[in-house]
Amino acid sequence: MHTLSTEHPDWFKLDLSAIVYPTLQRKDFSSVYRLSVVLKEPIDPVLLQKALDQTLTRFPTYKTTIRRGLFWRYLEPNHRPGPFVQPDIKNPCMPMPFKAGNRYLLRVYYHDCRIALEAHHSLGDGTGCMHVLQTLTAVYLTLKGHPITPSGFVLDINESPDPSEWEDAYMKYANAQVRPPRIGEKTYRVRGTKAPFYTFNIIDGILSVKEVMAAAAKYQATITEYLNAVLLYALLQKQLCEWHHRLRPVKIAMPVNLRRFFPSKTLRNFITMIYPGIDPRLGDYSFEEIIQHVHNYMRYSINEKFLRGDITTNASTQRNPFIRVVPLFIKDIVVRTFYTKIQDRNSSAGLTNMGALKVPDDMVPYIERFDIYMGQPFSNRTNCAIISFGDVLTINFASSIIETEVERLFFHKLVQDGIHVKIESNRDE
């Protein structure tokens, strides 16, 4: 073991994905997501603050603030006091103004037995942030008298950060000889009443992994394929029940963790999006047909060659010499317009699955479950995030609309397939 070094770059260039997120920042929207862990005993906030102070020194790209340059934004080490742990709030993932909270881009909350970490997507993706949350939890348990041996997501806070942890892995692997074109078409959007500002509607479903696996197996599908198909089925049913001038394709925006295909230790963003979908204009789809379609799409899309081509297309704009010298305010206008007019309309909902989470063996006895929330959607829609630990699988819906028809149809299908669902929510009704 070697002692923690304080030597790291004076600034960090935003990774390829992170460039987009600050551009979308509005008074009522930030690209913020949440990871949380539920322990088996109530949280001591004093010890949690001590654990946070010790943990963040191990993650230099998370102890930063965002700055504007003439051509690009960048992350700069933040030496201000904080961030400070605080009691949890009813409506999480609230907008994160860049100058608030001593300019930190993350927040830590506690409530009863829960530790929650919220991060701006400019810092990293769910995998990177899970390293921070699990390391924070391990340090906290160690301070409580339950020493945890670092492994997996839990990093040793006494070791120097590896420079590969802050690499822009996109640019490392964006080397396909072709840039596949993006074919986009306006998709079905859920109609609903926009929730009041600073309201975040959450519905959690708590299920058994074994029951979900058994239901998926009946359709010869994986858990991810099955749950994607259930969400597509719910969205399709919702569209068919509404008055519509014409039917539109139903698509889900699903992030893929590229670390599964390209070796990287990066704790920053390293994901790309795929879009499983159904086009009801081709005819009526049974659930079995939807799940078969999703299965085939996943097999075609989620492989090293297809994904390499996708990230090469993404990287082509940043490598363009002309674009590199365009002032930042012009880049912001172009990116924001593209995202609003094209990218955001390319999907009906979002779904992410972090899969089965592992923790060090000596940490297992203290943990009840994990949760993940994709954060406030950019436009009126619902986002769905899935994570499992042991036999507990949680499906967390986060929505900016008041109506809950999509969620109701989703969980109703699960119950139909023999899965027991426990529902929790932050809604009053």
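Any read-out appearing in this document is the output of simple, stated calculations on the displayed coordinates, not a laboratory observation. Remember, predicted model here, so these are calculated numbers, not experimental data. As a convention, Cβ positions derive from the backbone with ideal geometry for all residues, glycine included, and neighbour counts pool all protein chains shown.
Modelled spin-label separation between THR199 and ARG281, with each label point placed 7 Å from Cα along the Cα-to-Cβ direction: 3.4 nm.
Springs join every pair of Cα atoms under 10 Å in this Gaussian network model of the chain, and among GLU159, GLU368, GLU76 the largest mean-square fluctuation is at GLU159. Neighbour counts of other Cβ atoms within 10 Å put THR224, THR135 in the fewest-to-most order THR224, THR135. Note on the chain: GNM, Cα springs under 10 Å; of PRO360, PRO181, PRO150, the largest mean-square fluctuation is that of PRO181.
Fewest neighbouring Cβ atoms within 10 Å first, the residues CYS93, CYS384, CYS129, CYS241 line up as CYS241, CYS93, CYS129, CYS384. When +1 charges are put on Lys and Arg Cβ atoms and -1 charges on Asp and Glu Cβ atoms, the dipole computed for region 201-425 relative to its Cα centre reaches about 1120 debye.
When each of the peptides 278-284, 292-298 is scored by how many other beta carbons lie within 10 Å of its residues on average, the order from highest to lowest is 292-298, 278-284. Multiplying the residue separation of TRP11 and SER301 by 0.36 nm and removing their Cα-Cα distance gives an extension gain of 100.9 nm.
When the Cα positions of MET354, THR312, GLY82 are compared along the charge dipole of the chain, THR312 comes out farthest toward the positive end, with charges on each C-beta of Lys, Arg, Asp and Glu. Sorting 78-88, 226-236, 344-354 by their mean Cβ neighbour count within 10 Å, with the most densely packed peptide first, gives 226-236, 344-354, 78-88. Shown here for region 188-251: GluC sites (Glu not before Pro) in loop regions (DSSP other than H, G, I, E, B) with at most 12 other Cβ atoms within 10 Å, namely GLU242. Full extension of the chain between ILE333 and THR317 gives 4.3 nm of extra length, using 0.36 nm per residue less the Cα-Cα distance. For region 316-324, backbone phi angles converted through the Karplus equation (6.51, -1.76, 1.60; θ = phi - 60°) give residue-by-residue couplings of 4, 5, 5, 7, 5, x, 5, 5, 4 Hz, Gly and Pro being listed as x. Computed over neighbours whose Cβ is under 14 Å from that of PHE270, the net charge equals -1, Lys and Arg +1, Asp and Glu -1.
Have a look at ARG336, ARG324, ARG73 and tell me which one the Gaussian network model of the chain (Cα, springs below 10 Å) gives the largest fluctuation. Highest fluctuation of the listed residues: ARG324. As a rough footprinting exposure proxy, the listed residues TRP243, TRP11 were ranked by other beta carbons within 10 Å of their own, and the order from fewest upward is TRP243, TRP11. Candidates VAL325, THR266, LEU282 compared by Cα position along the dipole of region 263-342: farthest toward the positive end lies VAL325, with charges placed on Cβ. Per DSSP helix of 4 or more residues, -39500 (n - 2.57); summed, then divided by the residues of the chain. What does that give at 222 nm, rounded to the nearest 500? The helix contribution divided over the chain gives -9000 deg cm²/dmol. With a Förster radius of 60 Å applied to the beta-carbon distance between ARG191 and SER160, the computed FRET efficiency rounds to 0.70.
The H on the amide N of THR272, modeled in the peptide plane, is under 5 Å from the matching H of VAL256, LEU258, each at least 5 residues off or on a different chain.
For the pair GLU289 and HIS412 in one chain, pulling the backbone fully straight at 0.36 nm per residue adds 42.4 nm over the alpha carbon distance.
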